[in-house]
Structure formats: C-alpha cells, structure tokens
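Asks: Okay, handing you the structure first.
Laboratory data are not the source of any read-out in this text; all were calculated from the coordinates shown. This one's a predicted model, so the numbers in the text were calculated from it and none came from an experiment. Cβ placement follows ideal geometry from the backbone for every residue including glycine, while neighbour counts extend to all protein chains displayed.
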C-alpha cells in the first residue's frame, strides 16, 4: 500500500506542477493582451487629441469666416441662405468637436480604470 500512496503523491505533484505551468502561461497571455489593449488605447487617445486640435483649428478659422460674412451681410452683401449655411457648419463643427471629446474622455476613463491613479505625465504606454 505504501508504494501506491507514494505513486499517487508523485502523480498528484506532477499534475499540480503541470497545472501551475498552465496557469503561468495563461497569466502571461492575459498580461500580454492587457498590455496590447493599453497600447491601443493610448494610441487612440493620441489620435483623438490630434483630431480635436485639428477640428478646433478648423472651427476657429470658420468662426473668422462667419465674422467676416456677418459684417458683409450687415452691409448688404450675401444672402440669408449663405449665412444659414455658415451657421449650420458652425454647429456641425462644434458637434464634431464635442463627439471627439466624449470619445477621448471615455478612453481616459478606461485608462484610469486600467492603470489606476497614475500621475498624468506617467500615463504613457509601457515600453
């Protein structure tokens, strides 16, 4: 009987060692997946920041055009339809900026949740 128990213990240890190796491999795969997700989120956040800056610059230029068109319109040039189109475009640009900011804020929230309370300058993708 003693040999049977020794053999069973040996088999049990081998099973446990195999299971430990499987768990380590699973943990490594999960860690890699999380790191990849973080990189993608940081990249998307950077893309959104650039898109927001571009949209804001476009909106600022458009507002200047609206100001000039308004002055011209008040002096009798242009049409009401043209002014309405300019105002509509202003609303579209503002809505686009707001939408981009919402996306950026959602990503920041996700990054905060995944990374914890890291200082802003530390929130860059791991090497």
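Asks: For the pair residue 34/residue 10, report the inter-label distance in nm, with labels modelled 7 Å from Cα in the Cβ direction.
Replies: Here the answer is 3.9 nm between the modelled labels.
Asks: Follow-up question, since we're still on this one. Mind checking the full-extension length gain between residue 27 and residue 58? Use 0.36 nm per residue of separation minus the Cα-Cα distance, one decimal, nm.
Replies: So the chain would gain 6.5 nm between residue 27 and residue 58.
Asks: Something else: For the chain, find the longest principal axis of its Cα atoms and tell me its angle to the long axis of helix 2-74, 0 to 90°, nearest 10.
Replies: 0
Asks: Considering just Cα atoms, how many Å³ per residue does the convex hull of the chain enclose?
Replies: Per residue, the Cα convex hull of the chain comes to 136 Å³.
Asks: So the label point goes 7 Å from the Cα of residue 71 along Cα→C-beta, right? Which residues of the range 87-108 then have their backbone N under 20 Å from it?
Replies: From the range 87-108, the list is 87, 90.
Asks: P(r) of the range 1-74 in 10 Å steps, Cα pairs, percent per bin?
Replies: 16, 16, 13, 13, 11, 9, 8, 6, 4, 2, 1
Asks: Okay, next question. Please determine, in degrees from 0 to 90 and to the nearest 10, the orientation of helix 80-115 with respect to the longest principal axis defined by the Cα atoms of the chain, where the helix direction is its Cα long axis.
Replies: 20
Asks: Given labels modelled 7 Å from the Cα in the Cβ direction, how far is it in nm from residue 94 to residue 19?
Replies: Inter-label distance under the simple model: 6.2 nm.
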